[in-house]
Amino acid sequence: MKNIKGLCKNLKIGSLYVRWIFLFMMLLMLSHFVSVLYIANSALPKVKGIFTDEMQKKAEMIQLLADKDFEVTDELIEKAVPINMAFVTTNGSNLRNFEAYENEISIGMINRVTEGEILTFNSKGSIPMCLFKAGEQYILFIPKPIEGGMDIFKNSMHGILQLGTFIAAFLIVIALIVIIRPLKKVIKATDEVSKGNFDIYIPQNHKGDIGLLISNFNKMTKSLKKNEYLRKDFVSSVSHEFKTPITSIEGFARLLQNEDITPEEIKEYTNIIINESSRLLNVSVNLLKLSELDSRAVVPIREKFYLDEQIRGIILLMESQWSKKNITFDFDIRETIIYENEELLHHVWLNIIQNAIKFSYYNSVISVAIIEEEKTVKVSIKDYGPGMTHEQTEKIFDRFYQADSSRSGDGSGLGLSIVKRIIDILNGEVICESQLGKGTTFTVTLNKG
């Protein structure tokens with residue numbers, strides 16, 4: 001049953017299955033057509049020719065006997081005619097025996113035969129016949145199955161099979177050439193891709209399965225080319241992010257080896273080393289998290305939990321950060337139950353709220369709202385900081401991108417990339433809206449589940 005269902009799914013217009021089935025049916029019909037043509041133009045004329053020649057000779061022989069005053073009787077005709085012919089006789093005064101053939105024999109034909117002509121003709125059923133007159137008798141020869149007829153049929157069918165096989169083989173070769181030609185292009189292109197050349201494009205001139213294969217190949221090379229570019233950019237960015245703190249750590253560690261430094265300088269240098277080490281650790285942790293998310297090693301395990309409690313808990317967790325800047329929160333949230341992965345969403349709110357605190361002015365407000373709809377839940381987090389330009393907003397989810405590098409602190413530019421990747425895994429949506437001088441709003445839309 002599964003095999004039948006699988007076959008039915010593949011029976012689409014333009015698919016290879018349909019093409020080969022169509023080719024097979026076409027070959028059958030073509031073989032039948034060729035057989036009919038062969039029999040009509042080769043086998044039947046041969047058989048008719050054999051009957052016509054024999055009947056003509058026998059008619060001439062019987063007429064010759066009649067001219068020599070031999071009495072032409074049915075017994076004489078039966079002896080003269082071989083077993084492969086039947087005959088009908090009648091005399092000039094009574095043509096009753098020919099009534100069964102009145103559709104085949106006209107008065108004009110009788111008149112011509114009366115004058116001594118031997119008529120050979122094909123009946124309306126394409127059967128060869130011979131009509132002549134011997135003495136007072138009108139004689140009609142009608143063929144019966146001839147000896148060797150089966151041999152002629154066998155030879156005809158043998159020729160038909162040979163011709164049909166040749167035509168079928170010829171058409172299959174053409175079909176294979178038509179189908180294999182684009183496949184060879186794909187094989188050659190995949191060889192180039194295996195060598196690292198992603199600037200490969202195969203022209204889309206085909207439909208059906210072959211067209212789909214070429215289309216998917218072009219999409220794959222385009223994606224690989226993009227990923228290759230991102231990989232190189234990622235490696236370059238990672239190298240830079242690691243190089244900066246490592247250079248700082250190395251520089252201040254060398255300064256600590258100076259015997260003339262004061263206790264205040266030692267404290268200052270060690271604090272810088274600690275901060276740079278924390279930054280390096282933060283980059284490493286975020287990179288590992290992104291790698292884990294990109295490899296889809298994280299399988300979202302959904303569970304019911306209170307979304308409003310989760311967000312409040314994260315805000316309380318970061319009290320030391322927002323209290324230093326005397327930031328207050330404006331809540332518009334109510335009890336909201338959601339069926340989603342709690343651990344992954346924890347990283348989302350942590351990064352967004354941390355970002356909001358980081359770029360908020362002192363003594364400002366951060367607004368948090370939960371909007372529950374029929375099938376979705378929207379969470380809006382807005383700060384009233386300096387905001388961003390449209391160009392900055394477009395790049396905000398790019399890895400290592402920092403809209404305000406002068407205030408990046410221990411940031412790595414990976415937090416919002418993690419947010420975007422998690423929301424994609426959860427089949428949700430995250431939008432950033434910002435204006436210079438009017439703050440920034442992140443809106444996350446999630447399915448209720």
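Key figures
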read-out: Two-decimal log10 I(q)/I(0) for segment 308-402, as the Debye equation yields it once each C-alpha is a single scatterer, q = 0.14, 0.25 Å⁻¹; value: -0.58, -1.39
read-out: Chain lengthening between Lys124 and Asn103 when straightened (0.36 nm per residue, less Cα-Cα); value: 6.7 nm
read-out: When each of Lys243/Lys382; Lys324/Lys448; Lys358/Lys378; Lys243/Lys358 is checked by Cα-Cα distance, pairs over 29 Å; value: Lys243/Lys382; Lys324/Lys448
read-out: Extension gain, Asp199 back to Glu342 (0.36 nm per residue minus Cα-Cα distance, nm); value: 47.3 nm
read-out: Point-to-point label distance, Glu372-Ala80, nm (Cα→Cβ direction, 7 Å offset); value: 11.4 nm
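Computed from the coordinates by the stated procedures, all read-outs in this text should not be read as laboratory data. These numbers come from a predicted model, not from an experiment. Here Cβ is always computed from backbone atoms with ideal geometry, including for glycine, and neighbour counts include all displayed protein chains.
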